[in-house]
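Trainee: Just dropping this structure here.
The values are calculated or read from the model by the stated rules, or taken from the named source; none is laboratory data. None of the values given here were measured: they were computed from a predicted structure. Positions of Cβ are backbone-derived with ideal geometry, glycine not excepted, and every protein chain shown enters the neighbour counts.
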Amino acid sequence: MLIPFLIPFLIAIFLAINMGGSGTAPSFSAAYGANIIKKNMIPGLFGIAVFVGAIVGGKETAKTIGKGLLDPEMMTFTIVSIILFSVAISLMIANLFGIPQSTSQATVLSVIAPAVYFHSLNTDKLFYEILPTWFIMPIISFLLAFLIGKYIYRPLRKRGYTTPRTSNENYFLKGLIVLMSLYVAFSIGTNNVANAVGPLAIMAGNELNIDEHHLVHVMILATLIVAPSFGIGSSFFGHKIVQKTGKEIVLFGKIEAVIIAFISASLLLTASLVKGIPTSLVQLNVAAIIGIGVAKLGFKNIFRKTEVNKFFAMWIIAPIIAFSISLLLTYLADELNILYL
């Protein structure tokens, strides 16, 4: 019994390492882009905030991933291992390219693959809750950042309230930006940790015959194992990704950094706590960055930047890779009669 349990947990840790690398960018790219925090401090701060967020608010999203799309009875050792492995590979590819990727979208697509294969997909949850959230939230993030940047931030800047001379030595503002970065990481904990914890908890509940009332304890235990690996992933992959989002899309001012962090984290936290919808913080963050960039530079200038185009391409490719690997491995497991191990 121990070995079948060990395999999906080890894969989940590998996945969490990759998610940590990808999630570092939306958390600390704003602070790093504003030259407030050193890169060697980021992994530790990131890991702690993610862990707290997962423990405090990750329950609902974990339920959605674990049993909202696929019949929970299908969450066997083999299926959970396939789902987590497929997500990990797709995210590792994105991390190697240094592009922040949506862990939530890759995970949902990986869960959908066996659900489609066995004709057990919860289409209501997917089409009426998850997909609309994916499309609407980044648009809201972009619009909020654009409107705030154009109609609030720019007038303040013209009057000299946000010039570097007045803000560079403002320690309250620097502290606020670091606080916002931790807030983003906390939001990641409430949402993205569930990508690994949800399938693990449902699998353990099935195999150990744990009732619904005590399942939360299994989720907490899985979180204690998985969440710390986010900090490890941040130390391995985080710098390259933070460099791209923090320095190469658009240069941030300190107040802009607060706007970006607050908008993206608040939207993700709303999705996590209200409906338990796995949502892409990466896309919310980049949408806010682009919104600020458009307010400063205009549509043409910001969308000419190469990194933005790479982001959009990888956001399409990585979830497709996750779905394809998951579907292929599910088919092979079925042919080899190992689905219910």
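Trainee: State which residue is farthest from the chain's Cα centre (by Cα) when the search covers only region 323-341 and only residues that are assigned to a helix (DSSP H, G or I) and under 20 Å from Asp71 (Cβ atoms).
Mentor: Once the filter is applied, the top-ranked residue is Asp334.
Trainee: In addition: How many residues does region 255-284 hold that are farther than 24 Å from Tyr171 by Cα, in a helix (DSSP H, G or I) and of a type outside the set (D, E, K, R)?
Mentor: Qualifying residue count for the region: 12.
Trainee: Name the single residue, out of those in region 198-226 being within 14 Å of Pro72 (Cβ to Cβ) and buried (at least 24 other Cβ atoms within 10 Å of the Cβ), that is nearest to the chain's Cα centre (by Cα).
Mentor: It comes out as Gly198.
Trainee: For residues that are aliphatic (A, V, I, L, M) and buried (at least 19 other Cβ atoms within 10 Å of the Cβ), tally how many sit in region 44-59.
Mentor: Residues that pass the stated criteria total 4.
Trainee: Restricting attention to region 268-279, report how many residues are among the hydroxyl-bearing types (Ser, Thr, Tyr) and under 12 Å from Trp134 (Cβ atoms).
Mentor: Of the residues in that region, 1 qualify.
Trainee: If I ask for residues that are aliphatic (A, V, I, L, M) and surrounded by 14 or more Cβ atoms within 10 Å (Cβ to Cβ), which ones from region 139-156 would you list?
Mentor: Ile140, Leu143, Leu144, Ala145, Ile148
Trainee: Would you confirm whether any residue within region 148-168 is modelled with pLDDT of 90 or more, in a helix (DSSP H, G or I), over 22 Å from Ile325 (Cα atoms) and touching a helix residue (DSSP H, G or I) at 6+ places or on another chain (Cβ under 8 Å)?
Mentor: Yes, region 148-168 contains at least one residue that is modelled with pLDDT of 90 or more, in a helix (DSSP H, G or I), over 22 Å from Ile325 (Cα atoms) and touching a helix residue (DSSP H, G or I) at 6+ places or on another chain (Cβ under 8 Å).
Trainee: Taking region 180-214 as the region of interest, how many residues are in a loop (DSSP other than H, G, I, E, B) and within 12 Å of Ala227 (Cα to Cα)?
Mentor: Residues flagged as in a loop (DSSP other than H, G, I, E, B) and within 12 Å of Ala227 (Cα to Cα) within region 180-214 amount to 2.
Trainee: Same structure again: Would you tally the residues in region 70-99 being modelled with pLDDT of 85 or more, outside any helix (DSSP H, G or I) and surrounded by fewer than 23 Cβ atoms within 10 Å (Cβ to Cβ)?
Mentor: Result for region 70-99: 2.
Trainee: Read through the list (1) more than 19 Å from Thr133 (Cβ to Cβ); (2) touching a Pro at 6+ places or on another chain (Cβ under 6 Å); (3) at pLDDT below 90, then give the number of the only condition that Val282 fails.
Mentor: (1)
Trainee: So Ala113 passes all but one of these: (1) more than 28 Å from Ser266 (Cα to Cα); (2) not in a helix (DSSP H, G or I). Which condition number does it fail?
Mentor: (2)
Trainee: Which of the numbered conditions does Ala62 fail, given that it passes all the others? Conditions: (1) in a loop (DSSP other than H, G, I, E, B); (2) surrounded by 19 or more Cβ atoms within 10 Å (Cβ to Cβ); (3) not hydroxyl-bearing (Ser, Thr, Tyr).
Mentor: (1)
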